[in-house]
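Novice: Can you read through this structure? Questions will come right after.
The values are calculated or read from the model by the stated rules, or taken from the named source; none is laboratory data. In this text the structure is predicted, and so the values were computed from the model without any measurement. Neighbour counts are summed over all protein chains in view; Cβ atoms, including those assigned to glycine, are modelled from backbone coordinates with ideal geometry. The accessibility values were calculated without ligands, DNA or RNA, using every heavy atom of the protein model including side chains. Shrake-Rupley method; radii C 1.70, N 1.55, O 1.52, S 1.80 Å.
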Amino acid sequence: MGKWDIWFLHASTFFFFLGMAVVNPLISPLAMTLGADPFVVGMIAAIASIVALVSKPLGGVLGDRGLRFQMMALGSFFGALAGGLYVVSILTDNLMIFAIGRAVHGFGMALFFPSSLSSAIDLAPEGRIGETLGWRGMMFSFGNLMGPAIGGFVADLLGFQAAFLLTVLLSITAIGFVLLAYSKVKGRAELRHHERHEKPQYRALLKPFFVAASLALFFMAVAYGGMSTFLPALYKSIDLGTSVFGLYASVMGGTSLLTRVLGGKEADRRGPLPVATVGLSGVLIAYILLALYTEPPWAYASAAILGAGFGLAVPSLQMMALANLPKRIRTFGSSVYTMFFDLGYLTGPIVLGYVAQLKGYTAVFPLLPIIMALSLLIAQLPRLLKDGKNSTGG
């Protein structure tokens, strides 16, 4: 890249999501320590995602009014505030304060994420949008990969309070990088007078390239939410222990990191749809393997292919959905697009949980390839409707 504004933006993404991921392995244990029963534990774990889902349109609209960097800084501030509320919940032994902290963290994510994604596209060097999204995705994935291990280690060594204070520190660091990025692009980041009064063209969100990418992401998230919920449950039910899925997730995360930038670069060269097709096909193949071999060591082959497929599919679908949107609505489009992931990730465990309740955990995994086949087919919608220019990013 060679542009400091882009790298400051990537750094803010890394530290914001690292701050969120540090908390993830601590949510259920702390909720239980504060007296929550299993149902309440589940509700508290879901609060951040639910608040983020319903709040993202607000973050998108405000971002499109020339406040993208302000939204990222404010989202990071709410991340730090959430960390402070977690500490207070421990000091006061108050479950309600902890739940409020989770809601605040979710609201912070709703403000940060859409503006971060749309700003990466706006600041990308000409002809390198996919590559920029690939690097951004790597920062996001790297933060989510490192965070749980760091959070668990700090909590074991120094206690919950130290881990949550680390969240505060990481969120403040994210604010610093947002401000550094803004200082580099201040003139370009602010809307011109005519852009402020330009009527948003929300009808562009009905274009085949946006609809197809969003629905493909939804079904991919349904399958992923089901896999990440019920594969560890299956392993626990057959006494394989939690470390087995931990290794599965690590293999998946590692191969995803390896292919994110490659996927973005290839999307720049070939257009996003061909690369998204290869990535989604890889995810489909991975789920077929997982349905055939759910237990290690062969299950780890599916983890490697799954991560590689995600690495190719995610930046190319982002580029397909957002690169050709009018700049005036791109942040709102980013919020809507990422809401499809949130909806899918919440829907998968519910729908597939009903299947698991009726037929057992093993019945879930043969359904994952079917769901991914829908994702792959829907992604081809622009090609079928001859929306060639937008589907290829040209």
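Novice: Go through 47, 97, 6 for me and flag whichever is in contact with a Leu (Cβ under 6 Å, 6 or more places away or on another chain) and more than 30 Å from residue 123 (Cβ to Cβ).
Specialist: 97
Novice: Moving to a separate point now. On the given criteria, is residue 64 modelled with pLDDT under 90, within 18 Å of residue 322 (Cβ to Cβ), surrounded by fewer than 24 Cβ atoms within 10 Å (Cβ to Cβ) and of a type in the set (Asp, Glu)? I'd like the intermediate steps shown before the answer.
Specialist: Numbers: modelled with pLDDT under 90: yes; within 18 Å of residue 322 (Cβ to Cβ): yes; surrounded by fewer than 24 Cβ atoms within 10 Å (Cβ to Cβ): no; of a type in the set (Asp, Glu): yes.
No; evaluated as a whole, the condition is false for this residue.
Novice: Would you check if there is a residue in region 214-228 being within 23 Å of the chain's Cα centre (by Cα) and without any contact (Cβ under 8 Å) to a residue 60 or more places away in the chain?
Specialist: Yes, region 214-228 contains a residue that is within 23 Å of the chain's Cα centre (by Cα) and without any contact (Cβ under 8 Å) to a residue 60 or more places away in the chain.
For every residue, the table says whether it meets (1) β-branched (Val, Ile, Thr); (2) at pLDDT below 90; (3) crowded, with 19+ Cβ neighbours inside 10 Å; (4) under 24 Å from residue 318 (Cα atoms).
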{"position": "78", "(1), (2), (3), (4)": "no, no, yes, no"}
{"position": "86", "(1), (2), (3), (4)": "no, no, yes, no"}
{"position": "104", "(1), (2), (3), (4)": "yes, no, yes, no"}
{"position": "107", "(1), (2), (3), (4)": "no, no, yes, yes"}
{"position": "118", "(1), (2), (3), (4)": "no, yes, yes, yes"}
{"position": "129", "(1), (2), (3), (4)": "yes, yes, yes, yes"}
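Novice: Of the residues 18, 91, 58, which is under 27 Å from residue 124 (Cβ atoms), open to solvent by 20 Å² or more (accessible area, probe 1.4 Å) and out of contact with any strand residue (DSSP E or B) (no Cβ under 7 Å at 6 or more places or on another chain)?
Specialist: 58
Novice: Here is a further query. Kindly provide the set of residues from region 285-300 that are part of a helix (DSSP H, G or I) and in contact (Cβ under 8 Å) with a residue 24 or more places away in the chain, ordered by number.
Specialist: Once the filter is applied, which keeps residues that are part of a helix (DSSP H, G or I) and in contact (Cβ under 8 Å) with a residue 24 or more places away in the chain, region 285-300 yields 285, 287, 288, 290, 291, 299, 300.
Novice: Mind listing just one residue for me: the one in region 185-214 that is modelled with pLDDT under 80, part of a helix (DSSP H, G or I) and open to solvent by 100 Å² or more (accessible area, probe 1.4 Å) and, of those, farthest from residue 8 (Cα to Cα)? Give the derivation first.
Specialist: Of all residues in region 185-214, those modelled with pLDDT under 80 come to 185-202, 204.
Adding the requirement that they be part of a helix (DSSP H, G or I) leaves 185-189, 193-196, 202, 204.
Narrowing further to those that are open to solvent by 100 Å² or more (accessible area, probe 1.4 Å): 186, 188, 193-194, 196.
On the way: 186: 13, 188: 15, 193: 27, 194: 28, 196: 26 Å.
Result: 194.
Novice: Next question. Scan region 216-228 residue by residue and report those that are open to solvent by 20 Å² or more (accessible area, probe 1.4 Å) and closer than 9 Å to residue 341 by Cα.
Specialist: 218, 219, listed by residue number.
Novice: Which pairs have Cβ atoms under 9 Å, sit 6 or more apart or on different chains, and link a residue in region 255-284 that is farther than 13 Å from residue 135 by Cα to one that is surrounded by fewer than 22 Cβ atoms within 10 Å (Cβ to Cβ) and polar (S, T, N, Q)?
Specialist: Hits for this filter: 270/392; 271/392; 272/392; 273/380; 273/392; 274/392; 277/380.
Novice: For a quick check of your reading: which helices (runs of 4 or more DSSP H) sit entirely within region 22-105 and have at least 3 residues that are more than 16 Å from residue 168 (Cβ to Cβ) and of a type in the set (Gly, Ala, Ser)?
Specialist: Once the helices (runs of 4 or more DSSP H) in region 22-105 are filtered for at least 3 residues that are more than 16 Å from residue 168 (Cβ to Cβ) and of a type in the set (Gly, Ala, Ser), what remains is 38-62.
Novice: Any residue that is under 16 Å from residue 223 (Cβ atoms), charged (D, E, K, R) and in a helix (DSSP H, G or I) - is there at least one of those in region 349-363?
Specialist: no
Novice: Within region 339-371, count every residue that is in contact (Cβ under 8 Å) with a residue 40 or more places away in the chain and of a type in the set (Val, Ile, Thr).
Specialist: 5
Novice: Please work out if residue 235 is among the aromatic types (Phe, Trp, Tyr), under 21 Å from the mean Cα position of the chain (by Cα) and either surrounded by 16 or more Cβ atoms within 10 Å (Cβ to Cβ) or more than 29 Å from residue 383 (Cα to Cα) (or both).
Specialist: It is false that residue 235 is among the aromatic types (Phe, Trp, Tyr), under 21 Å from the mean Cα position of the chain (by Cα) and either surrounded by 16 or more Cβ atoms within 10 Å (Cβ to Cβ) or more than 29 Å from residue 383 (Cα to Cα) (or both).
Novice: Within region 246-272, which residues are under 19 Å from residue 291 (Cα atoms) and buried (at least 21 other Cβ atoms within 10 Å of the Cβ)? First the steps, then the outcome.
Specialist: Step one: list which residues in region 246-272 are under 19 Å from residue 291 (Cα atoms), which gives 246-249, 251-252.
Within region 246-272, 248, 252 meet the criteria.
Novice: Here's a follow-up. Among the residues of region 115-128, how many are assigned to a helix (DSSP H, G or I) and touching a Leu at 6+ places or on another chain (Cβ under 9 Å)?
Specialist: Counting residues in region 115-128 that are assigned to a helix (DSSP H, G or I) and touching a Leu at 6+ places or on another chain (Cβ under 9 Å) gives 8.
For every residue, the table says whether it meets (1) closer than 18 Å to residue 224 by Cβ; (2) in contact with a Pro (Cβ under 6 Å, 6 or more places away or on another chain); (3) open to solvent by 40 Å² or more (accessible area, probe 1.4 Å).
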{"residue": "287", "(1), (2), (3)": "yes, yes, no"}
{"residue": "292", "(1), (2), (3)": "no, no, yes"}
{"residue": "297", "(1), (2), (3)": "no, no, yes"}
{"residue": "307", "(1), (2), (3)": "yes, no, no"}
{"residue": "320", "(1), (2), (3)": "no, yes, no"}
{"residue": "330", "(1), (2), (3)": "no, no, no"}
{"residue": "335", "(1), (2), (3)": "no, yes, no"}
{"residue": "340", "(1), (2), (3)": "yes, no, yes"}
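Novice: Determine whether residue 384 is of a type outside the set (Val, Ile, Thr), in contact with a helix residue (DSSP H, G or I) (Cβ under 9 Å, 6 or more places away or on another chain) and modelled with pLDDT of 90 or more.
Specialist: Spelling it out, it is not the case that residue 384 is of a type outside the set (Val, Ile, Thr), in contact with a helix residue (DSSP H, G or I) (Cβ under 9 Å, 6 or more places away or on another chain) and modelled with pLDDT of 90 or more.
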